[in-house]
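The values are calculated or read from the model by the stated rules, or taken from the named source; none is laboratory data. Everything quoted here is computed from the prediction, not taken from an experiment. Cβ coordinates were reconstructed from backbone atoms using ideal geometry, including for glycine residues, and neighbour counts include every protein chain displayed. What goes into the accessible areas is simple: the full protein's heavy atoms, side chains included, and nothing from ligands, DNA or RNA. Shrake-Rupley method; radii C 1.70, N 1.55, O 1.52, S 1.80 Å.
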Amino acid sequence: MDHFGKKEVIQAILIADNNVENFKPLSDDDSTALIPLVNVCMLDYALEALNRSGIEEVFVFASLHLQSVRDHIKKGIASLSSWSVNMTVTVIGGEACQSFGDAMRELDSKALIRGNFVILGADTVTNADFRPIFEQHKKTVKYDKGAAATLIFKEAENQLRTGNEIMIALDTQNNRLHHHQRLRLNGKESNFEIPLEVFMHNSQVALHHNLLDPQMAIGSPSMLSLFSDNFDFETRDDFVKGILINEEILDSRIYVSLLPREQYARKVNNWLTYQIVSNDIIGRWTYPLVPDMGVVGLTQQYIFLKNNIYKSPTANMSKVQLHENVVAHAGCAVGPGSSLNNCVLGQNVKIGQNCYISNAYVLDDVVIADNSSLEFCVVGAKTTIGSKTKLKDGCVVGKGCVLPANTNLSNAIVASSPGNKEGETPSFKKLGDKAFLITQQDNDVVAASEDEDNDDILQIGKTVPKMMRLPIKYEESDYSSSSDEDESRPCSPLPDDTNIFLSEVIDSLSRGFQEKSNPDFLILEINSSRYAYNMSLKEVNFNVVKAIFSLPTIKESTGNILVDINAVLKQLGPVMTNYIKSEDAMVDCLKALEDIYLENDKVREKISQVIHYLYDKDFVSEEAILAWHEELDLELHASLHKSLQKLIEWLQQSSDEDEDEEDESD
């Protein structure tokens, strides 16, 4: 890949098995990285994000359920998952590793990392482009050899606490980090204590107290060795605090990069963030990592309907009320009279009659009997729920449970067995042969006093935020505008679907041209966008051609425009011919060139040669050119008419000669 340099192979590290306690009982059976998020494993979102940023070599580090992670990667490679085409993915394990710090020390001992690298959790969902951040980090390292890492943060608009919120102080002149503090889940901070020397030694300091930490960073090789040299670095926060306190001793510094507003990044570290990120994926804030774009496979699995309804063609949902934000995977069957709202149904889910499913996440092969109600809950795979059951307010039902009829639970954890680990003696209540209500004191909410100074209070292991009814101000996501901003939001979808479609096609083709992607993959992306925005075939033909001629190589051409067009169509020609087949499609193609004629001075100067080129390469026919020319308005397109006069005369003469030859032969 040319994005980062010709010889440099860009590497990345994905850390699996994060927040295991927070995702019980599902994490008892499998890696947290493999928990489905809108019917796609969290690990696949992270891999696809790296793939789209041009990363070439990825190391997935796992300690728990190591074989499951390896099997998943093998399956993805065998099935040609989109991330497997351009990336080499290797799973490495360390069963003795108990923390993030242990994982970093294990990676350092294996000496697999050869330069600067990207690092994030396998439970991070992002559409961020790491390329410019990576390049900036390389520049930082050039003038500061002690730059250990560039941490990546994202601004949040709301005040909902999920455990990922931080406050930082940085030098605005070079984005160097000087203070870092994780905010408490209960949001009780009345003040922040920042060392006085931060302000005394830096002339320009900015304080950010509304940031999300998606646990993403660009690391220098020294980052790994710092973990090896400091065994008290157990978490990433330990690493950050250790560097800030001992900058001079360790001769290391940390820098910060804030993601642009339109880019998405969030860490799924508990069931509340699972709910939030699921909503954001369904609401398309994570585009292109959305259900109908085929995050993993190269085939379209859903039909995208209005109100953010994603329905598999094989899902049977007749006489069912579909309100909004619903995802139904292949093989789903929902009985008549049922109502679905803000929910995800996995593969082969069976729901009976007159059920109410709202803000619920139902994994594969679940059976829900008649007259049941599920709100703000998660149901593990292969679970059976009896009739007239009610689950609400953060219930989590593990894999393979069988809940008897008339069960009524709120804010409960249910497992198929009472305990899995030696020495673990949780309190439990038997609901059925394969249903045990688990009560563990570690999961209870621990409230801190308002004057408590311990930053670790209410962090991992003390509180697991549950799914809940989100505040109204949060419903527009972190990526919506605040009330003080203009009503038109630059990062939300524009009212004109055609503009969005064109923009997405340009992005796909631009990336495909740079990376020399298989044209079939690009056609798949374009078709997905077509279905997403309900574009007609004529609109697709027009915008595909306009997108090709809007690529930077042509739009910003400084040399011979025909040479640049030839270079683009040599790579993207199969994409164009896939759509421009009939004479009507060829006329659509030429109409697109009318817009390009007005927008591009180089094309305007050579419009006759450009159309002649397309004719020579069989993109358009003689009949299509003549038919299009006859439709041009003489007043509106006077200059275009004049520019095409010789070409049209030549084509007409050629056509007359062909007719004469045919008459003579007759």
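Pairs meeting the criteria (first residue in segment 639-659 and open to solvent by less than 50 Å² (accessible area, probe 1.4 Å), second residue modelled with pLDDT under 80, beta carbons under 8 Å, at least 6 apart or on different chains) are His641/Leu634.
Residues are listed down the side, and each one gets a yes or a no for (1) in the same structural domain as Phe23 (by the TED database); (2) modelled with pLDDT of 95 or more; (3) touching an Asp or Glu at 6+ places or on another chain (Cβ under 6 Å); (4) under 24 Å from Ser81 (Cα atoms):
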position: Ala315; (1), (2), (3), (4): no, no, no, yes
position: Gln321; (1), (2), (3), (4): no, no, no, no
position: His329; (1), (2), (3), (4): no, no, no, yes
position: Ser338; (1), (2), (3), (4): no, no, no, no
position: Phe376; (1), (2), (3), (4): no, no, yes, no
position: Gly380; (1), (2), (3), (4): no, no, no, no
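Residues in segment 52-66 that are under 16 Å from Phe521 (Cβ atoms) and open to solvent by 20 Å² or more (accessible area, probe 1.4 Å): Arg52 alone.
In a helix (DSSP H, G or I), polar (S, T, N, Q), within 30 Å of Val327 (Cα to Cα) and touching a Leu at 6+ places or on another chain (Cβ under 8 Å) - does that describe any residue in segment 43-59? Within segment 43-59, not a single residue is in a helix (DSSP H, G or I), polar (S, T, N, Q), within 30 Å of Val327 (Cα to Cα) and touching a Leu at 6+ places or on another chain (Cβ under 8 Å). Here Asp28 clears all of (1) open to solvent by less than 20 Å² (accessible area, probe 1.4 Å); (2) farther than 30 Å from Gln514 by Cβ; (3) not basic (Lys, Arg) except the condition numbered (1). Looking at segment 107-128, which of its residues are part of a helix (DSSP H, G or I) and surrounded by fewer than 20 Cβ atoms within 10 Å (Cβ to Cβ)? Listed by number, the residues that qualify are Asp108, Ser109, Lys110. Kindly indicate whether Ala33 is closer than 17 Å to Ala128 by Cβ, open to solvent by less than 20 Å² (accessible area, probe 1.4 Å) and within 18 Å of the chain's Cα centre (by Cα). When the stated conditions are applied, Ala33 does not pass them.
Quick grid of which residues meet (1) closer than 30 Å to Glu21 by Cβ; (2) among the basic types (Lys, Arg); (3) open to solvent by 10 Å² or more (accessible area, probe 1.4 Å); (4) under 25 Å from the mean Cα position of the chain (by Cα):
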{"site": "Glu262", "(1), (2), (3), (4)": "no, no, yes, yes"}
{"site": "Trp271", "(1), (2), (3), (4)": "yes, no, no, yes"}
{"site": "Gly283", "(1), (2), (3), (4)": "yes, no, yes, yes"}
{"site": "Asn307", "(1), (2), (3), (4)": "no, no, yes, yes"}
{"site": "Ala330", "(1), (2), (3), (4)": "no, no, yes, yes"}
{"site": "Leu340", "(1), (2), (3), (4)": "no, no, no, yes"}
{"site": "Lys350", "(1), (2), (3), (4)": "no, yes, yes, no"}
{"site": "Ile357", "(1), (2), (3), (4)": "yes, no, no, no"}
{"site": "Val362", "(1), (2), (3), (4)": "yes, no, no, yes"}
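Please go through segment 67-91 and pick out each residue that is open to solvent by 50 Å² or more (accessible area, probe 1.4 Å) and in a helix (DSSP H, G or I). Result: Gln67, Arg70, Asp71, Lys74, Lys75, Ile77, Ala78.
Scanning segment 196-237 for residues that are part of a loop (DSSP other than H, G, I, E, B) and open to solvent by less than 50 Å² (accessible area, probe 1.4 Å) yields Asn202, Ser220, Asn230, Phe233. Residues that are among the aromatic types (Phe, Trp, Tyr) and not assigned by the TED database to the domain that holds Ser510 number at least 2 in none of the helices (runs of 4 or more DSSP H) confined to segment 536-647. Of the numbered criteria (1) open to solvent by 60 Å² or more (accessible area, probe 1.4 Å); (2) more than 31 Å from the chain's Cα centre (by Cα), the one Asp393 fails is (2). Among the residues of segment 465-520, those identified as exposed (fewer than 14 other Cβ atoms within 10 Å of the Cβ), outside any helix (DSSP H, G or I) and at pLDDT below 50 are Glu475, Ser482, Ser483, Asp484, Glu485, Asp486, Glu487, Ser488, Pro490, Leu494, Pro495. Scanning segment 215-239 for residues that are under 26 Å from the mean Cα position of the chain (by Cα) and either under 19 Å from Gln11 (Cβ atoms) or without any contact (Cβ under 8 Å) to a residue 40 or more places away in the chain (or both) yields Gln215, Met216, Ala217, Ile218, Gly219, Ser220, Arg236.
The rows are residues; the columns are (1) among the hydroxyl-bearing types (Ser, Thr, Tyr); (2) more than 17 Å from the chain's Cα centre (by Cα); (3) more than 21 Å from Asp44 (Cβ to Cβ).
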residue	(1), (2), (3)
Val290	no, no, no
Gly294	no, no, no
Ser312	yes, yes, no
Asn316	no, yes, yes
Gln321	no, yes, yes
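Only a single item in (1) open to solvent by less than 30 Å² (accessible area, probe 1.4 Å); (2) in contact (Cβ under 8 Å) with a residue 24 or more places away in the chain is not met by Gly242, and it is number (2). Residue count for segment 546-561 satisfying the condition of being open to solvent by less than 50 Å² (accessible area, probe 1.4 Å) and either touching a residue at least 40 places away in the same chain (Cβ under 8 Å) or over 20 Å from Ile500 (Cβ atoms) (or both): 10.
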